[in-house]
Each structure stands twice: as C-alpha cells, then as structure tokens.
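These notes are about the structure you will find just below.
Please treat every number below as a calculation from the coordinates, not as lab data. All of these numbers come straight from a predicted model, not from anything done at the bench. In this analysis, Cβ positions are derived from the backbone assuming ideal geometry, glycine residues included, and neighbour counts consider all displayed protein chains.
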Amino acid sequence: MENLKPTILQKKFFTPAVIGLTVLAINGIIFLMIRFLWGIGAVTNLNNQYPWGIWIGIDVAAGVALAAGGFTTAALGHIMHKDQYHAIIRPALLTAMLGYTFVALSVMIDLGRYYYIWHPLIMWNGSSVLFEVGMCVMIYVTVLYIEFLPIVTERFIGRVNLPSFLSKFNKPLDKFLRTLDRGLEKTMFIFIIAGVVLSCLHQSSLGTLMVIAGPKMHPLWQTPVLPLLFLLSAISVGFPMVIMESYLTSKSFGLKPETNILSDLSNIVAPLLGIYLAFKIGDMVIRQTFVYLTEVNTESIMFTLEILIGVIIPLRMFLSNEIKKSPTGMAIASFLVVLGVLLNRINNFLVAYNPPYSSKAYFPSFGEISVTIGFIALEILLFRFFVLNFPIVSLPVYSTPQAKFTIRGGSK
C-alpha cells in the first residue's frame, strides 16, 4: 500500500544549475543596492510618462497571478475537501509565500521613497484601488506565513537542540511550539478561508488598476470587465503553475513525478481555460474590438500570441488523454498557460499602456532586467533551501510486513 508523506529531501544543495542561479541572484542584488544607494533613476528607464516598468508589470502583476496556486490548491484541498490533492498543497503554499514576499519587495523597490512603504497601514484611502491592493497583499502575506507555521512546528517539535548555554531554552521552546501547533490546528480554517477571499479581492483589483487608465490603454485590453478577466486568468494559471512546479521539483531532485495526482489536477485546467477564453472572446464581440486585429502592429501581434500560445493551444493539449498521461506533456501545456498569463500582464501594463505625451517608448534597462531575473533566481534558491530543510515535498511511503516504511528518494 502506498501513501504520501511530507518529507525532508536528502539531497545536496549546490549543483551546477544552483551555482548559475546564485550568480544571477548576486547580479540582481548588486543592481538592487545601486537602486537603494543612488536612487531609482540610476537603475531604471522610468520617467514621468512611464512611472511603472517591469518591476510592476512582471514582478508584481505577473508575480501575484503566478502565485495563485497557493489559494487555488487551498480551496481545492481544504475547503472542497479533495484529500487526494493534499500532497501538492505544501509546495504550492511555499511557492505562493515566496512569490508574495518578492511581490511586496518589488512594490517597495519601485517606490521612489521606498521607506514610506508602511504608510498605507495608517494613512487609509478607501477610494484608491492601490490602497485596496496594498492592504490585501500585506494581509495575505501574513496569512501565508501563518499557514506555513504548522510545517515549522512539525519540523522542530521534539527536535529543539540549542547548543551550549542556550540549551536551557530547549524545553520552554519545545513547549511553545507544541502549544502553537495545537492553536493553529484549531484556527487554521479561518486563515485558509481568509487567504482565498483576499486573493480573489486583489487579483481582480489589479485589473481595476488598469481600467482607470482609460484611453491610455489600447482597446484590445481596455474593458470594464478587466477585473473579472484578471481573476479568471489567475484562477486558470493556479493549477498549471502547481503542475509545472511539481514536475520541475521531481526533475531537479531525481524523484518520480506523481502522475496520477497531476493528471487529476489537469482535468480541472481545461474547463477553467475554456471559461476564461469564453469571457475574453465574448468581451471582444460585445465591444467589437476584434477589428483591431486586422491591423498588423505590435499590439495585435502580442494579443494574438497571448491568446494563441497561452490559452488555445494549452486548452487543446489539456483536452488530450495522451497529454494527461505524460508528466512532460502536462508540464509543457502548463508552461504555455504560465507564459500566456505572463504575456497578458506584460501586455496590460506595458504594451497596451500608451501615455499621450511620451516622447519615446519605454524599454527596461539592463539593471531592471537584472533585478527581475535576480529575484526569480533567488526565489528558486529559497524554494530549494526550504524543501531540503522542511517537510514540504510528499514522497511515497510503502507499508510492508517486513518494514514499517520506506521512503523513495529519501532516507530509509
């Protein structure tokens, strides 16, 4: 009989790929330090016409969407009680926690006066979309860390072993962890529900943020239902992001992919993509913006790529039984969905945005690109650190008459 149990992976941290990611992360941190020491203008190509660049379009808007796997899997596993998906909840939670942490950091570095990041906490503006987004993100980040605490208590309960003169705190600290664990067990449902609600709020509000841009946005993307489209696209990309993360984790650590779980999860993706595509096309038909696709320009090409690569092709792939039997096939289809949502956010925040008094188009500087790539590399490195030190990835446990358990890919 095979069960799945969250396990600390027994693998080495540094590999050639990890060393490469470390170099990218250090390069990003160098440019980040330049930004803090000499100001945002020393690193970016932003100006009065283009106050937002890829740090908002990719790091924040796309980052929030791609971290949606946290609330979609929480809703599936805890609220809908689909117990077969519990094995993927912890990696999805970790991905969301790291993703939202770097979203908050990205907002801070994009502010001219970054040291005022705390102002929304005491200077409320109920009519501001950004205020709603900021408050929801800050609260949801806190919720994600609270949801991660049971993993921390599981890791250290009965294993607190402080050295030397600190050893006198071992028993009190262990008692505190046990008390915290019992309290979290009784109240966790509150934070799970709050996380799902908060995610729906700020995912849609990011779309509202671009609605108020009005005629500055190209008609292919400017629509009153943009908040709904942002929410639907985030829900659609949640499970593909989990599938891709699970596949890459299994490849990185030499584990066997949990094909059955991922296949069941992929059955949900096609209907979600279909709903999103229906609303997208329906909105175009009602507003008759499809006429802009007859023009050959950057906007029409980017819109076509966004829909074709990010929705239509993966939708067809997820309807194929052969694809759903192949971990590689599901990973490729999931990657296309992730790429499509990434293109959608870039299109909305960068391509579609055209201020009337701009003298030249915005293109990110090398420093901006370096920070964005550095953040992505750092997230991957932190994910690897956590799965090597906390019980996050679930591995099969076999019960046999001869042995109590054997964990594949880990210690025996």
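General observations
- Inter-part distance, the stretch 1-36 to the stretch 158-232, computed on C-alpha centroids, equals 22 Å.
- Shape call, the stretch 265-306: gyration tensor on alpha carbons, a/c limit 1.5: oblate
- GNM on the chain, alpha-carbon springs under 10 angstrom: the most fluctuating residue among ALA331, ALA278, ALA270 is ALA278.
- Label point distance in nm, ILE19-PHE189, each placed 7 Å from Cα along Cα→Cβ: 5.2
- Measuring nothing but how far apart in sequence close Cα pairs (under 8 Å, 6+ apart) lie, relative to its length, the stretch 1-114 scores a relative contact order of 29 percent.
- When each of HIS218, HIS86 is scored by the number of other beta-carbon atoms lying within 10 Å, the sequence from fewest to most is HIS86, HIS218.
- Of PRO163, ASN347, ASN389, farthest towards positive along the dipole that unit charges on Lys, Arg, Asp, Glu beta carbons give the stretch 2-392: PRO163
- Spin-label zone in the stretch 115-131 - amide nitrogen under 20 Å from a point set 7 Å from the Cα of ILE212 along the C-beta vector: 116-131
- Debye, to nearest 20: dipole size of the stretch 2-392, +1 on Lys, Arg Cβ, -1 on Asp, Glu Cβ: 920
- The label point for LYS11 and the one for LEU130, both projected 7 Å from the Cα toward the Cβ, are 4.1 nm apart.
- Under 15 Å, Cβ to Cβ, from THR187 - net charge with Lys/Arg +1 and Asp/Glu -1: -1
- Normalised contact order of the chain, rounded percent, pairs of Cα under 8 Å and 6 or more residues apart: 34
- Within-14-Å neighbourhood charge of LYS280 [Cβ basis; K, R +1; D, E -1]: -1
- Choice from GLN288, GLN222, GLN203 with maximal GNM fluctuation in the chain (Cα, 10 Å cutoff): GLN288
- The stretch between ASP181 and LEU162, if pulled fully straight at 0.36 nm per residue, gains 4.9 nm over its current Cα-Cα span.
- Taking every full run of DSSP H in the chain, the ones that stretch at least 30 Å from end to end by Cα along their long axis and average 0.0 or higher on the Kyte-Doolittle scale are 16-38, 89-110, 129-156, 170-211, 226-253, 259-287, 366-389.
- Charge tally for ILE346 (other residues, Cβ to Cβ under 14 Å; Lys, Arg +1; Asp, Glu -1): -3.
- Hull volume per residue, based on the alpha-carbon atoms of the chain and their convex hull, is 178 Å³.
- Burial ordering of LYS251, LYS186, LYS324, fewest other beta-carbon atoms within 10 Å first: LYS186, LYS251, LYS324
- For the chain, the 222 nm mean residue ellipticity estimated from helices alone, with every DSSP H stretch of n ≥ 4 adding -39500 (n - 2.57) and the total spread over all residues, rounds to -20500 deg cm²/dmol.
- Protection proxy ranking for 61-69, 167-175, using the average of other Cβ atoms within 10 Å per residue and placing the highest first: 61-69, 167-175.
- ASN321-PHE279 FRET efficiency (beta carbon distance; Förster radius 22 Å; 0.05 resolution): 0.25
- Pairs beyond 32 Å (Cα-Cα), from LYS11/LYS324; LYS186/LYS325; LYS82/LYS251; LYS251/LYS360: LYS186/LYS325; LYS251/LYS360
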